Each structure stands twice: as C-alpha cells, then as structure tokens.
Amino acid sequence: MAVAAVKTYEFPPADSVDKFHGAQLLYIGWEDHLLFCAPFAFPFPPTMRFGDILAGVLPGVFGYHPDFAKIDWAKAEWFKSGQPWQPDADKSLAENGLKHKDVIRFRTPGLTGIKGSCS
C-alpha cells in the first residue's frame with residue numbers, strides 16, 4: 001500500500017559539513033569482507049593526505065582481520081560512489097576529489113575473507 005505524507009518535511013540536515021569544525025565525513029568500506037557489514041564513517045580534514053589514512057587509520061579499523069596484513073595496497077582496487085577510482089596517496093582528500101559524505105570502498109584481489117567466505 002502506498003503512503004502519502006500529509007505535509008512536506010523541510011529541515012536543515014543535522015550532518016552538514018559546517019557542523020564538523022573543518023572536517024568532512026568520509027565513509028570507507030572493504031569489499032568482500034562482510035565481517036565489516038557497512039562502511040565506517042570518519043571525520044577527516046580535507047587537507048589530510050590519503051596515505052595517512054592507509055598507514056594510520058585503516059590498520060586500527062580493519063587490522064584485526066587476518067586478511068589485512070596480506071594487503072598489497074599497490075593492487076587494491078578503489079571505488080568512489082560505485083565507480084572505479086584511483087587515489088593518490090601523496091595528495092590530500094580534497095586533491096583526490098573527495099568531498100563531505102563521499103563513500104569509497106576498496107577491493108583486495110585474492111583476499112576474500114576468512115577461508116574465502118567473504119567474512
């Protein structure tokens with residue numbers, strides 16, 4: 001059965017970029033690893049280097065998975081909003097074209113979770 005709203009809901013979003021004190025939200029997910037059921041959300045400054053995320057953030061988030069230590073970052077496949085994308089580790093988030101509430105995911109060829117289970 002279809003539902004129709006009685007009135008229009010208009011309100012400012014509670015998670016707009018101006019609420020993050022110079023940071024912007026970036027969602028990061030790992031394909032074929034359902035132990036992490038959804039992308040994680042991080043508030044990063046747009047001036048942060050992408051390489052600092054790889055070296056300093058992702059190990060603390062995904063590092064307890066046994067596949068993480070086996071990742072060859074040079075072979076990782078990246079996606080931005082579902083489309084293939086190639087980040088530059090030496091450039092900032094802004095220089096990589098990442099904006100507030102963007103979603104990026106990475107796939108690690110040959111690594112598909114615990115015993116290939118995608119978990």
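Every number here is computed from the coordinates shown, using simple stated rules; none is lab data. The structure displayed is predicted, hence computed values, not measured ones. Here the Cβ positions follow ideal geometry from the backbone for every residue, glycine too, while neighbour counts run over all protein chains shown.
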query: Taking the range 37-68, which residues are in a loop (DSSP other than H, G, I, E, B), surrounded by fewer than 16 Cβ atoms within 10 Å (Cβ to Cβ) and not hydroxyl-bearing (Ser, Thr, Tyr)?
result: Cys37, Ala38, Pro39, Pro45, Gly63, Pro66
- request: Considering only residues that are among the charged types (D, E, K, R) and surrounded by 13 or more Cβ atoms within 10 Å (Cβ to Cβ), look in the range 105-119 and name the one that is farthest from Ala41 (Cα to Cα).
  value: Arg107
- prompt: Is it the case that Asp102 is surrounded by 13 or more Cβ atoms within 10 Å (Cβ to Cβ), among the charged types (D, E, K, R) and under 23 Å from Phe42 (Cα atoms)?
  reply: yes
field: Phe79 vs. criteria in contact with an Asp or Glu (Cβ under 8 Å, 6 or more places away or on another chain) and assigned to a strand (DSSP E or B)
entry: yes
- prompt: So Pro84 clears everything in (1) part of a strand (DSSP E or B); (2) crowded, with 16+ Cβ neighbours inside 10 Å; (3) not basic (Lys, Arg) except one condition, right? Which one?
  reply: (2)
query: With respect to Phe68, is the statement that it is aromatic (Phe, Trp, Tyr) and touching a residue at least 12 places away in the same chain (Cβ under 8 Å) true?
result: no
